[in-house]
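Colleague: Right, I'll just put the structure down here and ask away after.
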Amino acid sequence: MEKISPTSVAALCPQLFGLEVERERVEALVAELTGILSEIHKLRELDLSEVAPVVVFDPVRAYEEGRA
Amino acid sequence: MSATEIALLPIEALAPRIEKLELSPLELTDRMLDRVQKYDRTIKSYVVVSQTARAAAERAERDIKEGRYRGALHGIPVAIKDNYLTADMPTTVGSKAPVSFPLVDATTVRRLREAGAILIGKTNMHEFAWGNVTPPTRNPWNTNCVPGGSSGGSGAAVAASLCTAALGSDTGGSIRIPASLCGTVGLKATYGRVSKSGVITHSWSLDHAGPLTKTVKDAALLLNALAGFDAKDPSSSTMPVPDYTKALGESIKDLKIGICRTHFFDRNDADVQRAVETAVDELARSAGGVVEINLPNLRYGLGAIFAIELASSSCYHEKNLERGLQRHYQPDVRTLVEVGKFVTATDYLKAEQYRRVLMADLRKVFESVDVLVTPTTPITAWKLDQSTVRIGGEDESVLAASWRLTYPFNLTGLPAISIPCGFDSRHAPIGLQIAGKPFAEETVLRVAYAYECQHDWKELVPSL
């Protein structure tokens, strides 16, 4: 989601949450997304390719919890 | 002692009186319910008042008289944030949307009942724990101001002595922010320390459950009851639970205080900065020294918590989104829940990678310090209709400012407490945040208690 515009957001809404979204709602989404995505863009600057995500799949724990 | 004076007392003062039968749990509960009736028309901290509280208080009284005293929480009126499931009161999560939740007790609610606490009602919250305002609740120190959020009802109810303590939940600061703005203590323990089973999810890996109280010792007493493994919560820890009151009062001379000038001290309201700097100086004299540290990677933190919190919340609300129920959400919450659908999977995973980097940074920091001390919020309670605040010559959204100093400890899951450390020029409370290593709640509480004992902030109460 690189380019944020009312048109791109309005086009994605029905796909993302199954609703046609009225114009004022699109404007609210664009306003919120602009700030949020600028922060997420900063995060993308980091090269973390050698870092495992902090949430690690633990099959044994998940298996045992499934038993409970 | 007058009825008002009794209602203002913390657990640490009430419990010995109740144990010695000098104070009746029923009388205490009645005083509290009277206050709710009298003052909550203005404060609006409660969603619902329990119809079973008096019966529970009668039972507590009978048990104590017959020699079955259960401990410090027995007979104490406690309020519950409206995102904890309760068997005897409905749960709305602060929403008017047509969604319903089962009438069962969350694990923490059950533990409070087992400890003999009297659950007197459910407190208001920002819808689905998604905000820092908590309409329509007012701040007891100034009813033209917000109480913070999302546990704003709990913060306001404790500050106004409409309960003796309350439960809140904290995904980016939602216990500590209302604690700071309302002048109470708010404790977010290490992720996994307190069960979240039966607390409606906001964001699985960021959510924490915990208490808001009048004093640090009360927070320790609540944590004693709340902490411990729960098989129903996949994130619950099996770490042993100590008695959190034990180390309170011990010298902190052996502890080093860490200060991170960047991020935590670079953009604060002048009164907040002054109060926190004074608190740091005082702590420096009591502790074994202050060490300045740096956490440059915090500049990526906001993007990370946005990615995780937004995506998780939207995932949780997926079923409601499919049914178009977001039309019933408040506009600000609806926007955030919908925005989460725009977060990509790679951004989400990058944020989870970043958390490991930040944890590694903090591990290094905690090799040279025992706690980090920061302001809780860069600003004090803002006006109900205020959307921006001017800090250091720049305008900033109050919502963005209010969680800037708390969310790092949700990303890292580290224990953090907010305690009062003064008032600004408008007589609004200021919060001091103390954070520690994983499962170092005892150290965090010990430092908080050492500071609290040097001041009379906890004696000051809002005039209603």
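Colleague: From the list A:Glu20, A:Glu24, which residue is over 19 Å from B:Ser312 (Cα atoms), open to solvent by 50 Å² or more (accessible area, probe 1.4 Å), more than 8 Å from chain B (Cβ to nearest Cβ) and assigned to a helix (DSSP H, G or I)?
Modeller: From the options A:Glu20, A:Glu24, the qualifying one is A:Glu24.
Colleague: Within the range B:366-385, work out how many residues are assigned to a helix (DSSP H, G or I) and in contact (Cβ under 8 Å) with a residue 60 or more places away in the chain.
Modeller: The qualifying residues number 2.
Colleague: Can you spot a residue in the range B:268-279 that is open to solvent by 10 Å² or more (accessible area, probe 1.4 Å), β-branched (Val, Ile, Thr) and within 30 Å of B:Ala165 (Cβ to Cβ)?
Modeller: Within the range B:268-279 (the criterion being open to solvent by 10 Å² or more (accessible area, probe 1.4 Å), β-branched (Val, Ile, Thr) and within 30 Å of B:Ala165 (Cβ to Cβ)), the answer is yes, since at least one residue qualifies.
Colleague: For the range B:241-266, give me the residue count where each residue is within 24 Å of B:Tyr191 (Cβ to Cβ) and of a type in the set (Asp, Glu).
Modeller: Total meeting the criteria: 1.
Colleague: Still on this structure, I have one more. Restricting to the range B:314-363, name every residue that is basic (Lys, Arg) and not in a helix (DSSP H, G or I).
Modeller: B:Arg323
Colleague: Being open to solvent by less than 30 Å² (accessible area, probe 1.4 Å), within 11 Å of chain A (Cβ to nearest Cβ) and charged (D, E, K, R) narrows it down to one residue among B:Arg299, B:Arg323, B:Arg355; which is it?
Modeller: B:Arg355
Colleague: Consider B:Val365 against the criteria (1) of a type in the set (Val, Ile, Thr); (2) buried (at least 22 other Cβ atoms within 10 Å of the Cβ); (3) more than 9 Å from every other protein chain (Cβ to nearest Cβ): it satisfies all of them except one. Which criterion is unmet?
Modeller: B:Val365 satisfies every listed condition except (2).
Colleague: Another one. In the range B:105-146, what residues are more than 18 Å from B:Ala87 (Cα to Cα) and of a type in the set (Asp, Glu)?
Modeller: Hit for the range B:105-146 is B:Glu127, nothing else.
Colleague: Here's something else I'd like to know. Does B:Ile177 satisfy being open to solvent by less than 10 Å² (accessible area, probe 1.4 Å), touching a Phe, Trp or Tyr at 6+ places or on another chain (Cβ under 9 Å) and either among the β-branched types (Val, Ile, Thr) or over 20 Å from B:Gly149 (Cβ atoms) (or both)?
Modeller: Here the answer is yes, as B:Ile177 does meet what is asked.
Colleague: So, in the range B:337-366, how many residues would count as being more than 19 Å from A:His41 (Cβ to Cβ) and not basic (Lys, Arg)?
Modeller: Summing the residues that are more than 19 Å from A:His41 (Cβ to Cβ) and not basic (Lys, Arg) in the range B:337-366 gives 8.
Colleague: In addition: Among the helices (runs of 4 or more DSSP H) contained in the range B:386-464, which hold 1 or more residues that are open to solvent by 20 Å² or more (accessible area, probe 1.4 Å) and in contact with a helix residue (DSSP H, G or I) (Cβ under 6 Å, 6 or more places away or on another chain)?
Modeller: B:441-453
Colleague: Counting only residues that are free of Cβ contacts under 8 Å to residues at least 60 places away in the same chain, more than 7 Å from chain A (Cβ to nearest Cβ) and open to solvent by less than 30 Å² (accessible area, probe 1.4 Å), which one in the range B:327-352 is farthest from B:Phe128 (Cα to Cα)?
Modeller: B:Val343
Colleague: Any idea which of (1) modelled with pLDDT of 85 or more; (2) more than 8 Å from every other protein chain (Cβ to nearest Cβ) is the one A:Ile40 doesn't satisfy?
Modeller: (2)
Colleague: If you don't mind, another one. Which residue out of B:Glu114, B:Glu58 is more than 24 Å from the chain's Cα centre (by Cα) and either within 23 Å of B:Arg138 (Cβ to Cβ) or open to solvent by 70 Å² or more (accessible area, probe 1.4 Å) (or both)?
Modeller: Selected residue: B:Glu58, the only one of B:Glu114, B:Glu58 that is more than 24 Å from the chain's Cα centre (by Cα) and either within 23 Å of B:Arg138 (Cβ to Cβ) or open to solvent by 70 Å² or more (accessible area, probe 1.4 Å) (or both).
Colleague: For the list (1) within 11 Å of chain A (Cβ to nearest Cβ); (2) open to solvent by less than 20 Å² (accessible area, probe 1.4 Å); (3) not aliphatic (A, V, I, L, M), I need the number of the one condition that B:Ser313 fails.
Modeller: Result: B:Ser313 passes all but (1).
Colleague: Check off (1) modelled with pLDDT under 95; (2) open to solvent by 70 Å² or more (accessible area, probe 1.4 Å) for B:Glu19 and give me the number that stays unchecked.
Modeller: Condition not satisfied by B:Glu19: (1).
Conditions tested, residue by residue: (1) under 22 Å from the mean Cα position of the chain (by Cα); (2) modelled with pLDDT under 95.
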residue	(1), (2)
B:Leu325	no, yes
B:Val365	no, no
B:Leu372	yes, no
B:Pro378	yes, no
B:Lys383	yes, no
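Colleague: Output the number of the condition that B:Glu318 fails; it satisfies all remaining conditions of (1) within 11 Å of chain A (Cβ to nearest Cβ); (2) open to solvent by 20 Å² or more (accessible area, probe 1.4 Å); (3) in contact with a helix residue (DSSP H, G or I) (Cβ under 6 Å, 6 or more places away or on another chain).
Modeller: It fails just one condition, (3).
Colleague: How many residues are under 30 Å from B:Asp233 (Cβ atoms), open to solvent by 90 Å² or more (accessible area, probe 1.4 Å), more than 7 Å from chain B (Cβ to nearest Cβ) and not in a helix (DSSP H, G or I) if we restrict to the range A:43-68?
Modeller: Final tally of qualifying residues: 2.
Colleague: Could you check how many residues of the range A:3-17 are open to solvent by 60 Å² or more (accessible area, probe 1.4 Å) and at the interface with another protein chain (Cβ under 10 Å from one of its Cβ atoms)?
Modeller: Residues flagged as open to solvent by 60 Å² or more (accessible area, probe 1.4 Å) and at the interface with another protein chain (Cβ under 10 Å from one of its Cβ atoms) within the range A:3-17 amount to 1.
Colleague: If the requirement is being under 22 Å from B:Tyr316 (Cβ atoms) and surrounded by 24 or more Cβ atoms within 10 Å (Cβ to Cβ), which of these qualifies: B:Lys217, B:Lys196?
Modeller: On inspection, the qualifying residue turns out to be B:Lys196.
The values are calculated or read from the model by the stated rules, or taken from the named source; none is laboratory data. Since the structure is predicted, the reported quantities are computational estimates derived from the model, not experimental observations. Every residue, glycine among them, receives a Cβ derived from its backbone with ideal geometry; neighbour counts consider all protein chains shown. Remember, those area values only see protein heavy atoms, side chains included, never the ligands or the DNA or RNA. Shrake-Rupley method; radii C 1.70, N 1.55, O 1.52, S 1.80 Å.
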